[in-house]
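The values are calculated or read from the model by the stated rules, or taken from the named source; none is laboratory data. From a predicted model like this one, the values you see are computed outputs, not experimental measurements. Glycine also receives a Cβ, built like all others from the backbone with ideal geometry; neighbour counts cover every protein chain displayed. Side chains are part of the model used for accessible areas, which takes the heavy atoms of the whole protein and leaves out ligands, DNA and RNA. Shrake-Rupley method; radii C 1.70, N 1.55, O 1.52, S 1.80 Å.
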Amino acid sequence: MSDADLTESLRAHVEQAFIERTPLNIHGARSRAFYGHATDAADLDISAHQGVINYEPSELVLQARAGTRLVDIEQLLEDNRQMLGFEPLRFSSDSTLGGAIASGLSGPRRPFAGAVRDAVLGAGVINGKGEALRFGGQVMKNVAGYDLSRLMAGALGTLGVLTDISMKVVPRPESEYTLRQSASQQQALERFAGWMGRPLPLSGACWHDGHLYLRLAGSEASVRQAQQALGDAKLREQPDFWLSLREHSHAFFTRSMPLWRLSVPPATPPLALDGDWLIEWGGAQRWLHSDATAERIRGIAAEVGGHATLFRGADDNCEAFHPLPAPLLALHQRLKKSFDPAGILNPGRMYRDL
Amino acid sequence: MKYAAQMSDLDTFLAGLPDLPDHCVVRESEERRAYECDGLSAYRRMPWLVLLPETVEQVQAIVRHCQSSGIPVVARGAGTGLSGGALPLENGVLLSLAKFNRILDIDVANRLARVQPGVRNLAISEAVDQHGLYYAPDPSSQIACSIGGNVAENAGGVHCLKYGLTVHNISEIQLVTIDGELLTLGGRALDAAGYDLLALLTGSEGLLGIIVEVTVKLLPKPERAQVILAAFDDVTKAGAAVGSIIAAGIIPAGLEMMDKLSIQAAEDFVHAGYPLDAAAILLCELDGTSEEVSEHVFKVRELLKSSGATEVRTAKSDAERVRFWKGRKAAFPAVGRISPDYYCMDGTIPRKALPQVLQTIEDLSKQYGLPVANVFHAGDGNLHPLILYDANKPGELERTEEFGGRILELCISVGGTITGEHGVGMEKINQMCTQFNEAELQQFHAVKAAFDPGGLLNPGKAIPTLARCAEFGSMHVHGGQLPFPELERF
C-alpha cells in the first residue's frame, strides 16, 4: 500500500472549482459508480491519496486516507486479528475506503455489529469552498460540536470530499459457523425475529431460494453452544457464501433486471411484490429483482415503515433513492448549501434537486 | 419599572398562545427558580418564562410563536445534564418536556420502543424487561435522566465500549423545527433515505430542533454477566492491563478504573469491599452467553495477574457483583461527601496517553492546591477527574474552572476531546475554540443556520461565536503563556 498525502492538492482543486463554479464528480476506483445518478461534471480522483495514518490495535482505532484500498486495510486488520465490524460492501479489489464511507453500504454483519456510520469516529473533509476541515476524532466517545463526520457516511460525497476517516475496529471472532435450513421466506422471517430477540452470537441472517443461512460468530464455546441450541445443519458447499453477499458476486446479484433494495423493519412479513427476493439482515434488508413500477415498490415499502432504493438500473426516468417529503428535502437542500454553497460537489448524485 | 415592562411583555407573549392551558405556564418567580440550573449547579440564571406543554401541537405552537416574536427557546428534559446545556435565558422561554412521559409502543418483534422524550432512561428497560429485552445506554443518572436529553447530549454510560452511545441505540426521532414543522428523522428500518440526520441531531444539544418523540432500539438481555475486580499498586500498570485485555480480542461490557482517592471515598460511602491500599482498581464486566463468559473470565483473570495486579477477585454472587458496581456508580456522590463541592470533567483521551495525563493532572493539582479524584471509563478512554473545591472560599470556584480548562486542553493536546459524553453546553464553550479552528466553527454555524437561521434554539451553547473565541484567546495570552503554543489559534 502506498503512502501519499494529497490533501493540499485536493483542497486547492476544490477551491479552484468553487471559484470557477465547476461541478466535480468525486471518485476513487469507480467501483460504486452505478450507485445513485451519474453526474455530468469534471472528475476529481482521490484514489492516489492513500495510506494508513494511524493504527493501534489495542486502541481499536484505525485512521486511513480515503483513497486507501479496502482490501489493504482489511488485510492489515486481519494480520492483527481485527476487522471492520460493518463489513463494507466491496465491489472490486480496488474499492476505496472513501467510497465505502461515502456510499454508507454495510455488509451482512450490519444488524449485529452496526453500520458504516456507527464505526465512524472522525473525518477529514474538504467542503465545497475548498476548506480542509476536521470533525470528530480518534477516540470512542466525543460529543464536542455537531457530529459532522457521521453525517458524511452515506452522503455520497455531496457534502464534502472525504480526505481521511477514523474508525472503530473490532476483534475478529475466534470462531464462525454457518448453518443452513430449508425454509420459506415467511418461515425464515419468523425464525429470524425469534432468534434476534435472544442473546445468541449472530453475525449474519440471510434467506434465498428456499433456504435460510445463519452465521454464528464468537468464542468457540459460545458458537458451539448456539449451534447445539439451533440444530446442526452446517453449510459446507458454499464456503464463500457471505463474501459473495459482500461483493455482490452471488448469482442473485448478477442478473440484468433492475435491482431494488428495500429497507424495512426486520419482522415485516413477506411483501406482496412479484419478483426474485434475497433477504438479508434478518429481514431488514430485502433485495428484489422486479419489473414492478417504482411507485408500486416504493408505496409498499413506505406502507410498512421503510424505503426503497433502485440500487442498479437508475436512469433519468426514476430517482435512485426514495423521494423525501417536501420539508425534509428543503432541509437537505439547506444543509447541502451550508457545506457546498456553489453546489459543485457531486450535484444530483443522490437526488436530482440536491 | 423594568420589571413592569417585562411583565407586560410576558402578558403580550402569552396572549399569543391562547390554546395553552394555565397549568402549563410557570410565571411566578419562586416557581421559576426550580428551573434556574441543570445538573451543573455552579451556573444559574432565572428563566423569563417556563412552559410545560402536554401535546406536540402545543410545542409546535409555542415554537412558532417564539419564532415570530424573536424569543429564544431552551429545551429541558429532566435537568440532570452536567454541562449547563439546559441553563435558561433571562429573555427566553424554558421549554420543559417533563410532561411527555409516556411509553407509546413496545414492538417486541422488531425490538423497538417508541417513547416520549420525558420518559426516564431506566424506565424503558424496566418496561421491556418482561420480554427479555433492555435499552443499553446507561448514564449514571439513568434513574432520573430522560431519553430526550440523552439524545440531545448523545449520552453514554459504563457499557458503551461494547454497546455504543445513544447514537448507536436509537432508530427514529420526531423533531419540531423552529418553523414549527414536525419532521421524522431515521425510521423503523435500519436506515432511512437521504442524509443521516438522526446522527446529526444526536448530541446537537437542543440547537437544531426540539425532540418530541424517540424510538429506541432494544437488545436481548445477555444470558449472564460477571464482574472481576483487580487491584494495582500503580495506575500505569492498571492502564496497561486495560490495553492487554482489548489486545486479546475481548471487549468487556464495562471496564472502569478508579484511583486511590475515589476508592477511599466510595468505600467510606457504600462499603463495596474495595481494597483501600490500592493505587487503582479496575472493574471489568464480561457478558454474553454462559460459556463465553466463563471462558473470558478465565482469560481476563490471567491477563490481570500477568499485568501485575496485586489482587484479582471475581464476584461470587449476583449480590457481590451489584456491590462491586455500587461503589463505582456512587463515586460522584461519594466524593461529594468528602468535599463541599466538586467539579466533574469529561475529557476523552487515547488510552495509551493515560499515564502521561494522570501525571500532568497530579502536577496541576499541586499547582492549584486543589485535590482531584479520578474516575475513568477505561475501556473507551473517557476520563472523569473530579476537582474538589469549596465554593464558599473566595476565588476557589474561579481557580477550579481554570484548572478544569487546563485539563480539557491537555486532553486535546494528546489527541483526545474536551467532552466524551456530558456535552459542551455552557461549560466548555471556551475550550471549543481550542479544539476547532475558525473554518470548522464557521461550518458548525452554517449547519446551525440550515436548521435555525435566526439562532433562537438554545443560543450561546455548544458552539462558540468567533468573537467569543477571539476574546478567550486574548484572555489566555494576557494570563501569561498560551497553554499549547503548537495549536492553531485565532
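From the residues in region B:174-207 that are more than 22 Å from A:Leu121 (Cα to Cα) and outside any loop (DSSP other than H, G, I, E, B), which one is nearest to the other protein chains (Cβ to nearest Cβ)?
Of everything passing the filter in region B:174-207, B:Leu183 is nearest to the other protein chains (Cβ to nearest Cβ).
Residues being part of a loop (DSSP other than H, G, I, E, B) and open to solvent by 20 Å² or more (accessible area, probe 1.4 Å): count how many of those fall in region A:236-258.
Here the count works out to 12.
Please verify whether A:Asp94 is among the acidic types (Asp, Glu), touching a residue at least 60 places away in the same chain (Cβ under 8 Å) and either within 9 Å of another protein chain (Cβ to nearest Cβ) or assigned to a loop (DSSP other than H, G, I, E, B) (or both), treating the condition exactly as stated.
Values: among the acidic types (Asp, Glu): yes; touching a residue at least 60 places away in the same chain (Cβ under 8 Å): yes; either within 9 Å of another protein chain (Cβ to nearest Cβ) or assigned to a loop (DSSP other than H, G, I, E, B) (or both): yes.
Yes.
Pick from region B:120-133 the residues that are under 20 Å from the mean Cα position of the chain (by Cα) and open to solvent by 30 Å² or more (accessible area, probe 1.4 Å): which of them is nearest to B:Glu223 (Cα to Cα)?
B:Leu122
Identify, from the list A:Leu354, A:Leu345, A:Leu335, the residue that is aliphatic (A, V, I, L, M), surrounded by 21 or more Cβ atoms within 10 Å (Cβ to Cβ) and facing chain B (nearest Cβ under 7 Å).
So the residue among A:Leu354, A:Leu345, A:Leu335 that is aliphatic (A, V, I, L, M), surrounded by 21 or more Cβ atoms within 10 Å (Cβ to Cβ) and facing chain B (nearest Cβ under 7 Å) is A:Leu335.
For region A:53-72, enumerate the residues that are closer than 27 Å to B:Ala240 by Cβ and not charged (D, E, K, R).
Those that are closer than 27 Å to B:Ala240 by Cβ and not charged (D, E, K, R): A:Ile53, A:Asn54, A:Tyr55, A:Pro57, A:Ser58, A:Leu60, A:Val61, A:Leu62, A:Gln63, A:Ala64.
Would you mention how many residues in region B:277-311 are over 20 Å from B:Leu261 (Cα atoms) and either surrounded by 16 or more Cβ atoms within 10 Å (Cβ to Cβ) or within 14 Å of chain A (Cβ to nearest Cβ) (or both)?
20
Among the residues of region A:268-275, is any open to solvent by less than 50 Å² (accessible area, probe 1.4 Å), among the hydrophobic types (A, V, I, L, M, F, W, C), modelled with pLDDT of 95 or more and assigned to a strand (DSSP E or B)?
The answer is no; no qualifying residue exists.
Could you list, in sequence order, the residues of region B:39-50 that are free of Cβ contacts under 8 Å to residues at least 60 places away in the same chain and either more than 13 Å from B:Leu89 (Cβ to Cβ) or part of a loop (DSSP other than H, G, I, E, B) (or both)?
Of everything in region B:39-50, those that are free of Cβ contacts under 8 Å to residues at least 60 places away in the same chain and either more than 13 Å from B:Leu89 (Cβ to Cβ) or part of a loop (DSSP other than H, G, I, E, B) (or both) turn out to be B:Ser41, B:Arg44, B:Arg45, B:Met46, B:Pro47, B:Trp48.
What number of residues within region A:12-22 are surrounded by fewer than 19 Cβ atoms within 10 Å (Cβ to Cβ) and outside any loop (DSSP other than H, G, I, E, B)?
Residues meeting the conditions: 5.
Could you tell me which numbered condition A:Leu310 fails, if it satisfies all but one of (1) within 13 Å of chain B (Cβ to nearest Cβ); (2) touching a Gly at 6+ places or on another chain (Cβ under 7 Å)?
(2)
Is it the case, given these coordinates, that A:Phe135 is modelled with pLDDT of 95 or more, among the aromatic types (Phe, Trp, Tyr) and open to solvent by less than 10 Å² (accessible area, probe 1.4 Å)?
Criteria met by A:Phe135.
Would you point out the residue of region B:395-437, among those that are of a type in the set (S, T, N, Q) and touching a strand residue (DSSP E or B) at 6+ places or on another chain (Cβ under 6 Å), that is nearest to the other protein chains (Cβ to nearest Cβ)?
B:Thr417
From A:Glu131, A:Glu74, grab the single residue that is under 19 Å from A:Gly204 (Cβ atoms) and among the acidic types (Asp, Glu).
Exactly one residue qualifies, and that residue is A:Glu74.
Which residue is farthest from the other protein chains (Cβ to nearest Cβ), if the candidates are limited to region A:223-253 and must be of a type in the set (A, V, I, L, M) and free of Cβ contacts under 8 Å to residues at least 24 places away in the same chain? Lay out the reasoning, then the answer.
At the first step, the residues of region A:223-253 found to be of a type in the set (A, V, I, L, M) are A:223, A:226, A:229-230, A:233, A:235, A:243, A:245, A:251.
From the residues that got through so far, the ones that are free of Cβ contacts under 8 Å to residues at least 24 places away in the same chain too are A:243, A:251.
Working: A:Leu243: 21, A:Ala251: 25 Å.
My answer is A:Ala251.
For region A:279-312, which positions are assigned to a loop (DSSP other than H, G, I, E, B), open to solvent by 10 Å² or more (accessible area, probe 1.4 Å) and over 30 Å from A:Pro201 (Cα atoms)?
Those that are assigned to a loop (DSSP other than H, G, I, E, B), open to solvent by 10 Å² or more (accessible area, probe 1.4 Å) and over 30 Å from A:Pro201 (Cα atoms): A:Asp291, A:Ala292, A:Thr293.
Count, please, the residues in region B:240-255 that happen to be surrounded by fewer than 24 Cβ atoms within 10 Å (Cβ to Cβ) and farther than 17 Å from B:Arg224 by Cβ.
7
Can you name the helices (runs of 4 or more DSSP H) wholly within region A:108-222 that have at least 2 residues being over 17 Å from the mean Cα position of the chain (by Cα), facing chain B (nearest Cβ under 10 Å) and touching a residue at least 12 places away in the same chain (Cβ under 8 Å)?
Helices (runs of 4 or more DSSP H) meeting the threshold: A:185-196.
Please verify whether region B:135-156 includes one or more residues that are under 28 Å from A:Gln138 (Cβ atoms), charged (D, E, K, R) and in a helix (DSSP H, G or I).
Yes, that holds for at least one residue.
Among (1) part of a loop (DSSP other than H, G, I, E, B); (2) open to solvent by 40 Å² or more (accessible area, probe 1.4 Å); (3) in contact with a Leu (Cβ under 8 Å, 6 or more places away or on another chain), there is one condition B:Arg114 misses while meeting the rest; what is its number?
(1)
Report yes if some residue within region B:61-80 is farther than 30 Å from A:Gly197 by Cβ, of a type in the set (S, T, N, Q) and assigned to a strand (DSSP E or B); otherwise report no. Quick ask: steps written out before the conclusion?
Narrowing region B:61-80 to residues farther than 30 Å from A:Gly197 by Cβ: B:61-76, B:79-80.
Narrowing further to those that are of a type in the set (S, T, N, Q): B:67-69, B:80.
Now drop any that are not assigned to a strand (DSSP E or B), which leaves none.
Within region B:61-80 (the criterion being farther than 30 Å from A:Gly197 by Cβ, of a type in the set (S, T, N, Q) and assigned to a strand (DSSP E or B)), the answer is no, since none of the residues qualifies.
When you scan region B:352-363, how many residues do you find that are in contact with a strand residue (DSSP E or B) (Cβ under 9 Å, 6 or more places away or on another chain) and either open to solvent by 10 Å² or more (accessible area, probe 1.4 Å) or in the same structural domain as B:Ile263 (by TED's automatic domain parsing) (or both)?
3
What is the residue count in region B:409-425 for residues that are surrounded by fewer than 24 Cβ atoms within 10 Å (Cβ to Cβ) and part of a loop (DSSP other than H, G, I, E, B)?
Residues that pass the stated criteria total 2.
Which numbered condition trips up B:Ile463, out of (1) over 16 Å from A:Pro341 (Cα atoms); (2) within 9 Å of chain A (Cβ to nearest Cβ); (3) in a helix (DSSP H, G or I)?
Failed condition: (3).
Please determine, by comparing only the residues of region B:164-173 that are surrounded by fewer than 23 Cβ atoms within 10 Å (Cβ to Cβ) and more than 8 Å from every other protein chain (Cβ to nearest Cβ), which one is farthest from B:Leu219 (Cα to Cα).
Only one residue fits best here, namely B:Glu172.
Looking at (1) in contact with a Leu (Cβ under 9 Å, 6 or more places away or on another chain); (2) under 30 Å from A:Pro57 (Cβ atoms), which is the one condition that is false for B:Leu364?
(2)
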